[in-house]
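These notes concern the structure reproduced below.
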Amino acid sequence: MLWNLGKNNSPFVPIFLVDCQATGENFLADDPSSRAMVQMDLHLLPPEVRLEILSRLPITSLIHFKTTSHAGYDLIADPRLPRMFHNRVSDSNPYLILYNYNFVVSGPWQLYFVDSDGCSRRVRKIDPPQHSEANNLVGSCNGLLCVSYPNPTIDGSSATHSVLIYNPFVGDAVRIPPANRFLDQIEVFGFGFHPRTGEFKVVRIVCYEKIMTVADLALDVEEVDEGLFTIDESMVQVFTVGTTEWRNKGAPPPQLVDGIGPPEALVEGSLHWVTLVGMRGVGCIFGIISFDLADEVFEESPHPPCRQLVSGGYSLSVLNGCLSAAGFVDAVHFDIWVMKQYRVKESWVKQLSFDPSFPGGRPWPWLSFLRRFPKVICALKNGEILLQDNDSSLVSYDPVEHRFKTLQMSGLPKHLQALPFLPSLFSAEAAMNLQL
């Protein structure tokens, strides 16, 4: 459905008229073939009806309406609209943000928004807040994107990244001050919201080299060739949005440092990583480490009770608000497990198991440079599961018909990662002060 919004200052919007007796209550539809299209002056409608109409429009149409019409700007500025729109999109199919990996693909950082009305998908390019080839999308929460970008260095040493949080449709941003810079550092960030505290937080894990002297370790000078040497160190830092300083929280768990990477899932106010936690014979055991954004502590979370999955490795995602783990259990079976009750080991259930043959009969290229297995993105309202192939193709899996369907989105560059996203009309600052 394409909404053709007015090009002048008159707040006209095309509405597809629907016979109320045929639909019961819905007066908007996306099939114009059997319905007349008219133009309505929204100012002539009662305020409640006007808000009902606006809250059902795609966010890209609302922003276009707001930026191309003075009268439209006044209508979109109604303080009740952001909450109504939030309630609508919360019950709809997930939206997506697509972004490119710059360690794989050179060139400018790119962001795309995938809008869905349930029967088609529209892709629109959106401008990142910082035009840099080294931008990185940290995460998404409550309609906000968290982005990190490097601060330039004069001496060519490892750059510390700055972080900002912004709404790509409203355009405002909250900038987080840079953290401390260390020697030869490697850093990753996590971003999330905890419903109990109502706070947004950014987590930084940094690994670096610390310069030491012989006196620091009380060593015999004759045992050391040089007076100065370096040791590997790591640190966790937390920034609460609305404050002014990063806070040091000590060292991260050793198993997290060994394979340092960004968190994969935000569930119940905790960030989650898959880590190597032990060995079984000549094989590995992969577990789950979480960081609670309220208590600011790391914990081991129960992993799925599947030996093949735990020893072979898996990725984490969020399905219908629950923590999910997915991976290959053998050469031809891909399992998806869901923790129905958070942090309860016995609540892990195997939701799906299927042969992950890609549409057209070719197998998943799961032994790829980027990932070992396809990534579970989200669950759709019709019960299908959205997954992403290693060549960035998006497919949905129907667990009833046991069929894959490719989502056709032409004109996109390769190596784009998909991230579920809930669009919002709240500004970044307003969203951080609301209990959504």
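The numbers here are math on the coordinates, done by the rules we state, and not lab data. Since the structure is predicted, the reported quantities are computational estimates derived from the model, not experimental observations. Please note: Cβ atoms are built from the backbone with ideal geometry, for glycine as well, and neighbour counts cover all protein chains shown.
Other residues whose C-beta falls under 10 angstrom from the C-beta of residue 253 contribute a net charge of -3, scoring Lys and Arg +1 and Asp and Glu -1. Computed on the range 270-332, the Cα convex hull volume stands at 83 Å³ per residue. Taken along the Cα-to-beta-carbon direction at a fixed 7 Å, the label points for residue 92 and residue 70 span 3.0 nm.
How high is the FRET efficiency from residue 402 to residue 211, r the C-beta distance, R0 45 Å, rounded to 0.05? So, using R0 = 45 Å, E works out to roughly 0.15. Express in whole angstrom the spacing between the alpha-carbon centres of the range 247-308 and the range 162-201. If we compute the Cα centre of each part, the gap is 20 Å.
FRET efficiency for the residue 240 to residue 347 pair, using the beta carbon distance and R₀ = 41 Å, is estimated at 0.85.
Near residue 111, the amide H atoms lying under 5 Å from its own belong to 126; only residues 5 or more places off or on other chains count, and H is placed 1.01 Å from N. Classified by the C-alpha gyration tensor, the range 232-293 has an oblate form. Its axis ratio a/c, with a ≥ b ≥ c, is 1.5 or above, and a/b does not exceed b/c. In order along the range 294-309, the phi-based Karplus estimate (6.51 cos²θ - 1.76 cosθ + 1.60, θ = phi - 60°) of 3J(HN,Hα) comes to 8, 7, 6, 9, 8, 9, 7, 9, x, 9, x, x, 10, 4, 5, 5 Hz; Gly and Pro are listed as x. Seen from residue 144, the other residues with C-beta closer than 11 Å to its C-beta sum to a net charge of -2, counting Lys and Arg as +1 and Asp and Glu as -1.
Annotation: amide H of residue 294 has no partner in the under-5 Å range at sequence separation 5 or more or interchain, hydrogens built in the peptide plane. Simple spin-label estimate for residue 162 and residue 295 gives 3.6 nm between the two label positions (7 Å along the Cα-to-Cβ direction from each Cα). What is the gain in length, in nm to one decimal, between residue 52 and residue 433 on full extension, counting 0.36 nm per residue of separation less the C-alpha to C-alpha distance? Full-extension gain reported as 134.7 nm.
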